[in-house]
Amino acid sequence: MALVEIENIRKNFGALEVLKGIDLTIEQGEIVTIIGQSGSGKSTLLRCINALEETSGGEIRIGGQRMAMDMPNLREMRQTVGIVFQAFNLFPHMTIERNVTLAPVLTGKITKAEAPALAEEVLSRVGLADKRKAYPGQLSGGQQQRVAIARCLAMRPQLMLFDEVTSALDPQLVGEVLKVMEDMARLGMTMILVTHEMGFARNVANRIVFMHQGRVWEQGPPAELFANPQTPELQAFLAASH
Ligand code: ADP
Ligand code: MG
């Protein structure tokens, strides 16, 4: 069974049709990169996958279980999916350790006594174990984004979603965040990423999905898709992103 099954997802905002029937199946351990012009529906799709947005039709299943706002087990279902945004949204008045362990403690996944060990583990994975006692304001943007990733890992998700997580960073800080994501990919995490980093898409993704006007316009393995785009829309998009 695929980890993520997306069937004919539609999303309207009033009269605006933003997703016009998306079908996608994502296997356990697969790294899928979504590319496409601004406004093509990439963020909306990610938000639907995590049920942060109510869909107007279709169905999303994760591990065979329906993910939708009206599900009684929505809270648990959401915990299986980590999502990282462009903005890190760390709590400025809490230590890094507290930021990454707050949700696991509040949801009863771990006890307070277990928090330091969990913080050590997930912060090590993003190379920031030595910042446990620091506050977000003392960290660079790249480091804060790595903390935001660690905070997701602390909930032990089955799937991670990344929405342009490096877009707000100074260019010299982008690499360290991509490296963390590459490490996660290597360790087998299933990931769906929206990114403008074509080098990362080419080198790390198993599959590229090109969205255009609310549809999956074209998809395939990076080498094929970049070398041989089939539609004029993808050709134009790739030409413009060089
Ligand atoms: P992308 O991430 O590909 O840039 P989005 O998913 O953010 O695209 O947006 C797709 C379209 O949906 C855009 O036209 C955007 O203006 C519209 N949109 C997104 N969120 C909302 C909302 N909450 N209300 C109304 N329109 C929205
Ligand atoms: Mg977006």
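Some notes on this structure:
- The set of residues in the stretch 11-20 that are more than 16 Å from ligand 2 (Cβ to nearest atom) and either touching a residue at least 40 places away in the same chain (Cβ under 8 Å) or surrounded by 14 or more Cβ atoms within 10 Å (Cβ to Cβ) (or both) comprises 12, 17, 20.
- Scan of the stretch 143-189 for residues that are surrounded by fewer than 17 Cβ atoms within 10 Å (Cβ to Cβ) and within 16 Å of ligand 2 (Cβ to nearest atom), ordered by number: 167, 168
- Residues that are in a strand (DSSP E or B) and either surrounded by fewer than 18 Cβ atoms within 10 Å (Cβ to Cβ) or free of Cβ contacts under 8 Å to residues at least 60 places away in the same chain (or both) within the stretch 1-10 comprise 5, 6, 7, 8, 9, 10, listed in sequence order.
- Scanning the stretch 44-64 for residues that are in contact with a Ser or Thr (Cβ under 7 Å, 6 or more places away or on another chain) and acidic (Asp, Glu) turns up just one, 53.
- Positions within the stretch 211-225 being more than 30 Å from residue 15 (Cα to Cα) and either without any contact (Cβ under 8 Å) to a residue 12 or more places away in the chain or not in a helix (DSSP H, G or I) (or both), in sequence order: 220, 221, 224
- Helices (runs of 4 or more DSSP H) lying entirely in the stretch 21-118 (those with 1 or more residues that are among the polar types (S, T, N, Q) and away from ligand 2 (no atom under 16 Å from the Cβ)): 74-79, 96-106
- Reported count of residues in the stretch 11-20, each being more than 8 Å from ligand 1 (Cβ to nearest atom) and in a loop (DSSP other than H, G, I, E, B), is 1.
- All conditions in (1) under 16 Å from the mean Cα position of the chain (by Cα); (2) under 22 Å from residue 44 (Cβ atoms) hold for residue 212, with the sole exception of (1).
- Some residue of the stretch 216-230 being more than 22 Å from residue 46 (Cα to Cα) and touching a Lys or Arg at 6+ places or on another chain (Cβ under 7 Å): yes
Quick note: the coordinates plus some simple rules give every number you see, no bench work behind them. Every value quoted in this text rests on a predicted model; they were computed, and no experiment measured them. All Cβ positions, even for glycine, are placed from backbone atoms using ideal geometry, and neighbour counts span all protein chains on display.
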